[in-house]
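Chemist: Pasting in a structure now, in structure tokens, and then I'll have a few things to ask.
The values are calculated or read from the model by the stated rules, or taken from the named source; none is laboratory data. In this text the structure is predicted, and so the values were computed from the model without any measurement. Heads up, the Cβs are rebuilt from the backbone with ideal geometry, glycines too, and the neighbour counts pull from every protein chain shown.
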Amino acid sequence: MSCNHHPSAQALIQYAAGNVAGLQRLMIKLHCKVCSGCQSAVDQFEEIGGATLDNLSDTPVAADSFAQIMSKIHSMDEAVSVADEQPYAQMIEKILTRGVSDKLNWHWRTKRFAEIILANEASGEEAKLIYFKKGMRVPQHTHTDKEYTLVLKGAFADDSGEYRRGDYVCKSALDEHAPRATSDCICLAITTSPLKFTGTFGPVLNWFLN
């Protein structure tokens, strides 16, 4: 399928190098699963990395270099494993690739908005599955740090455009928006710090929700 919103080139390079861990790695992996362009870019970055290693000249190394390299490889493998073996990883992939989202234990916050809290990692990142019914609008807000969103099913829109299945969206403190569901929509969302609501009722929402 063709996606309109993608991880940055820098994010894809970091992913290809094994420097993205946990739920963000899972998010980029799933985007690449349905975006042939990003998967092709990751493949090319991996080939470039391999070719660079092959062309390195022989130089003396420290006695413990091999142990250090193996330790780093082991930690990278653990990061990949953590992302792939999350108890909800297969569930999330099933929603994205097959549209299957029934029998989930949604926590309804309003009649048109529900969520499932997936994790609050040691890094401070919070991950949720979010379900918006068509027409639902999230109050105007900005971000004190980063918010990453992967659309798993349906679509939502803001002043920057519409985001559909497979689209990867990254918002920062420079962005202010009020997303609205243009169809029933399920997203995987990761935030690195709480949202900051800015509309008329922003101060009340910030006090109540954060």
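Chemist: Take the residues in the range 107-126 that are in contact with a strand residue (DSSP E or B) (Cβ under 6 Å, 6 or more places away or on another chain) and among the β-branched types (Val, Ile, Thr), then tell me which one is modelled with the lowest pLDDT.
Modeler: Ile117
Chemist: For the range 176-199, check the following and say yes or no: at least one residue is modelled with pLDDT under 80, surrounded by 16 or more Cβ atoms within 10 Å (Cβ to Cβ) and either in a loop (DSSP other than H, G, I, E, B) or of a type in the set (Gly, Ala, Ser) (or both).
Modeler: Yes; the residues of the range 176-199 include at least one that is modelled with pLDDT under 80, surrounded by 16 or more Cβ atoms within 10 Å (Cβ to Cβ) and either in a loop (DSSP other than H, G, I, E, B) or of a type in the set (Gly, Ala, Ser) (or both).
Chemist: Could I ask something else about it? Considering only residues that are more than 23 Å from Glu93 (Cα to Cα), touching a strand residue (DSSP E or B) at 6+ places or on another chain (Cβ under 8 Å) and of a type outside the set (Asp, Glu), which ones fall in the range 159-173?
Modeler: Selection gives Ser160, Ser172, Ala173.
Chemist: Something else: When the residues of the range 2-45 are filtered to those that are loosely packed, with under 15 Cβ neighbours inside 10 Å and touching a strand residue (DSSP E or B) at 6+ places or on another chain (Cβ under 9 Å), which remaining residue is farthest from Cys187 (Cα to Cα)?
Modeler: Checking each candidate, the answer is Ser8.
Chemist: Any residue in the range 146-156 that is outside any strand (DSSP E or B) and within 15 Å of Met27 (Cβ to Cβ)?
Modeler: Yes, the conditions are met somewhere in the range 146-156.
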